[in-house]
1. Only residues that are among the basic types (Lys, Arg) and either farther than 27 Å from TRP74 by Cα or modelled with pLDDT of 90 or more (or both): list them for the stretch 104-145, please.
2. Please enumerate the residues belonging to the stretch 11-44 that are at pLDDT 65 or above, touching a Leu at 6+ places or on another chain (Cβ under 9 Å) and among the hydrophobic types (A, V, I, L, M, F, W, C).
3. I need the full set of residues from the stretch 54-91 which are charged (D, E, K, R), under 16 Å from THR121 (Cα atoms) and surrounded by fewer than 19 Cβ atoms within 10 Å (Cβ to Cβ), in order please.
4. Look at the stretch 109-149 and say how many of its residues are of a type in the set (A, V, I, L, M), surrounded by 13 or more Cβ atoms within 10 Å (Cβ to Cβ) and either in a loop (DSSP other than H, G, I, E, B) or touching a residue at least 60 places away in the same chain (Cβ under 8 Å) (or both).
5. Give the residue that is surrounded by the most Cβ atoms within 10 Å (Cβ to Cβ), with candidates limited to residues of the stretch 93-108 that are of a type in the set (Gly, Ala, Ser) and over 17 Å from PRO40 (Cβ atoms).
6. Just to be sure I understand the filter: pairs with C-beta atoms under 7 Å, separated by 6 or more residues or on different chains, first member in the stretch 47-68 and within 22 Å of ILE135 (Cα to Cα), second member β-branched (Val, Ile, Thr). Which pairs pass?
7. Condition first: under 21 Å from GLU49 (Cβ atoms) and either touching a residue at least 24 places away in the same chain (Cβ under 8 Å) or in a helix (DSSP H, G or I) (or both). Now tell me which residues in the stretch 94-108 satisfy that.
8. Can you find, within the stretch 55-66, the residue that is modelled with the highest pLDDT among those that are part of a loop (DSSP other than H, G, I, E, B) and more than 20 Å from SER93 (Cα to Cα)?
Amino acid sequence: MKSKIALTVLLVFALAQLFQPTQTEQQQVDENDFLQIEKPPNELKVYLESNCYDCHSNQPKYPWYSEISPVSWWIQDHIEEGSEHLNFSNWGSYSAKKKAHKMEEAVEEVEEDEMPLPSYTIIHREAILEEGEKIALMDWFKSLQLKYETH
């Protein structure tokens, strides 16, 4: 009986590999990109590119394990949902009001340890923010929020 269950699980896993989600197509960075417009300090730029842009831009980096179902579906869902909430690649097309609101949300997410997602930091340990990094990121986001609230 156990061998039948194991064989069934193995067969379902093998069949799942035939059904992969469509990955977000990499797009060139253009003048609408957040980093191009806001020009963050270098240490924040590196952090944003290496951690936030995976799910919040049109430039996601897919790790090797994103080719394995069902992980591939889970990762693609994170990317689609993340870029739906905030897409740094489209920053230039946002209104000043929307930019201010997105920065307010970003501060809240970092402050409450909601971003980066705990499920992301399990594999990407380097994405865990130290307290000083959190403060620097939140302070910079707050300055952008203020900039766009008075815009």
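The values are calculated or read from the model by the stated rules, or taken from the named source; none is laboratory data. Please read these numbers as outputs of a predicted model, since none were measured by experiment. Ideal geometry is used to build each Cβ from the backbone, glycine not excepted, and the neighbour counts take in all protein chains shown.
1. Going through the stretch 104-145, the residues among the basic types (Lys, Arg) turn out to be 125, 134, 142.
Matches in the stretch 104-145: LYS134, LYS142.
2. Within the stretch 11-44, PHE34, LEU35, LEU44 qualify.
3. Initial filter on the stretch 54-91 (charged (D, E, K, R)): 54, 61, 67, 77, 80-81, 84.
In the following step, the residues that additionally are under 16 Å from THR121 (Cα atoms) were identified as 54, 61.
Matches in the stretch 54-91: LYS61 only.
4. Selection size over the stretch 109-149: 8.
5. So in the stretch 93-108, the residues of a type in the set (Gly, Ala, Ser) come out as 93, 95-96, 100, 106.
This time we only want the ones that are over 17 Å from PRO40 (Cβ atoms), so: 93, 95-96.
Values: SER93: 9, SER95: 10, ALA96: 12.
Across the stretch 93-108, the extreme among qualifying residues is ALA96.
6. Qualifying pairs under 7 Å: CYS55/ILE79.
7. LYS99, LYS102, MET103, GLU105, ALA106, VAL107
8. LYS61
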